[in-house]
Amino acid sequence: AQKITQTQPGMFVQEKEAVTLDCTYDTSDQSYGLFWYKQPSSGEMIFLIYQGSYDEQNATEGRYSLNFQKARKSANLVISASQLGDSAMYFCAMREGPVMKTSYDKVIFGPGTSLSVIP
Amino acid sequence: DGGITQSPKYLFRKEGQNVTLSCEQNLNHDAMYWYRQDPGQGLRLIYYSQIVNDFQKGDIAEGYSVSREKKESFPLTVTSAQKNPTAFYLCASSFDSSYSNQPQHFGDGTRLSIL
């Protein structure tokens, strides 16, 4: 069964430092996508970055990068130069789904990691 | 600007009452979803819809109902059968869900509480 694990319920990081948020996943599919979302205290979910299972390079998006280790089934989010506005919950999610799949390819969310940036 | 609009932002339900949460998107997305989030927890799927006039139950559909009469709209009704409705409800949409590279875009959520 699909499953997303985020083992860090809460993390602290000093402003301007880098931080890594862990995510491991379990799937039997070869084709899947991995996503990271940010949820500030206001509640909206903000899409940050995507990594495809066949992508050979790690995804990067501004200060966000994804450390993708397919054999270990891990997709850790790295935030460089942390800012106070990065304080939020961060969710890792996975979506299976080759083209032409007729049944719904469920998006599975992990339990989240709460990140606090310290001035 | 394109996006997803959820209303109301806050909603209170009396015992035995049905309430409806609105979700509208102008992103031309095919698929729409409803999630429930309890404090300190992740998202759980209530219902999803891949096309108009079709929808499927998610993991926690009991006590909820939906409709998809228009591509842009996917309202969620919390019925009196849902005995513990207090939660944060998020609506999302995406392009064709058969492609694994499509991220979901979310609305700002509705906080539902029991009076």
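Here, each number is a calculation from the coordinates, and none is a lab measurement. Note that the coordinates shown come from a computational prediction; the quantities given were computed from them, not determined experimentally. A quick note on method: Cβ atoms are made from the backbone with ideal geometry, for glycine too, and the neighbour counts reach across all protein chains shown.
Things worth noting here:
- Cβ neighbours within 10 Å from other chains - mean over B:40-53: 3
- Residue pairs, from the table B:K9/B:K71; A:K73/B:K70; A:K70/B:K9; A:K16/A:K106; A:K70/B:K71, whose Cα atoms sit over 32 Å apart: A:K73/B:K70; A:K70/B:K9; A:K16/A:K106; A:K70/B:K71
- With N as its number of residues, the stretch A:13-119 has a Cα radius of gyration that, divided by 2.2 N^0.38 Å, comes to 1.10.
- Separation between Cα centres of the stretch A:1-30 and the stretch A:33-58, rounded to whole Å: 11 Å
- Restricting the calculation to Cα atoms, every distinct pair contributes to the Kirkwood radius of chain B, found to be 14.1 Å.
- For the protein assembly as shown, the fraction of alpha-carbon pairs lying more than 28 Å apart is 31 percent, rounded to a whole number.
- Under 12 Å from the Cα of A:K38 - aspartates and glutamates, other chains or at least 8 residues apart: A:D86
- For the segment A:85-94, counting C-beta atoms of other chains within 10 Å of every residue's C-beta and taking the mean gives 1.
- Mean per-residue shielding of peptide B:101-110 is 6, counting Cβ atoms of other chains within 10 Å of each Cβ.
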